[in-house]
Amino acid sequence: MAKLSRLYATALFDLLSEDNAVDECLEQVVFLRDALQDDELQRVLTHPHIPSSEKRKLMESAFAGHIRDDLFGFLCLVIDKNRKAFLVPALTELIGMIERHQKKVTANVLSAVNLTKAQITALEKMLSKKLDKHVKVLLKIDPSAIGGLYIHVDGFFVDNTLKKRLHDMTASMKVGCRV
């Protein structure tokens, strides 16, 4: 499924590139992907007894005028080819392609406590400088981390949580006791 989703996303990215519309359509692609994840809409799209023509009319009433014609054409193509299962994964893949094109990445950060706006901004600036990309922090709170931060961004992992340090100390003490 991932291969076909990537194929759809690549074709759509190429189409947007030819039109010099890659930078301007990220918001529309995110809007479309998020809207299509609605449970009610998914039930309609995947219902075997609703004809494609009715599904297309629904999509037209929901999205026409809100997204680019080529995005709407892609939506109709996927409906006509009965490949609705690939729709959201392809749009997610496309979002990643556009973000890489724009040198944007999301840093998944885990902290034991909520960070202030100033701390998040400082972390975004530091990561942006290190990676030479625009970094947006997506913060998750997990009190079990005890303290410190866990950061996953652009294929890199940094686990500087107190939980991890305590685990490492315990492991090294067990090894040291066996000597």
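Okay, here's what the table says:
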read-out: Enumeration of residues in segment 35-58 that are under 13 Å from Leu87 (Cα atoms) and among the aliphatic types (A, V, I, L, M); value: Ala35, Leu36, Leu41, Leu45
read-out: Asp70 loosely packed, with under 13 Cβ neighbours inside 10 Å and within 22 Å of the chain's Cα centre (by Cα); value: no
read-out: Residues within segment 145-166 that are of a type outside the set (D, E, K, R) and in contact with a Ser or Thr (Cβ under 9 Å, 6 or more places away or on another chain), tallied; value: 8
read-out: Matching residues, segment 82-104, being of a type outside the set (A, V, I, L, M) and in a helix (DSSP H, G or I); value: Lys84, Phe86, Pro89, Thr92, Glu93, Gly96, Glu99, Arg100, His101
read-out: Residue check for Leu87: under 30 Å from Pro48 (Cβ atoms) and out of contact with any Gly (no Cβ under 6 Å at 6 or more places or on another chain); value: yes
read-out: Verdict on Ile79 being outside the structural domain of Gln37 (by TED's automatic domain parsing), touching a residue at least 12 places away in the same chain (Cβ under 8 Å) and assigned to a helix (DSSP H, G or I); value: no
read-out: Residue that is more than 15 Å from Val29 (Cα to Cα), assigned by TED's automatic domain parsing to the domain that holds Leu32 and surrounded by 13 or more Cβ atoms within 10 Å (Cβ to Cβ), where the choices are Ile50, Ile95; value: Ile50
read-out: Candidates Lys104, Lys84, Lys57 - the one that is within 24 Å of Leu138 (Cβ to Cβ) and either modelled with pLDDT of 90 or more or within 23 Å of the chain's Cα centre (by Cα) (or both); value: Lys104
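The values are calculated or read from the model by the stated rules, or taken from the named source; none is laboratory data. This structure is a prediction, so every number in the text was calculated from the model and none was measured. Don't worry about glycine lacking a Cβ; one is built from the backbone with ideal geometry, like all the others, and counts go over all protein chains shown.
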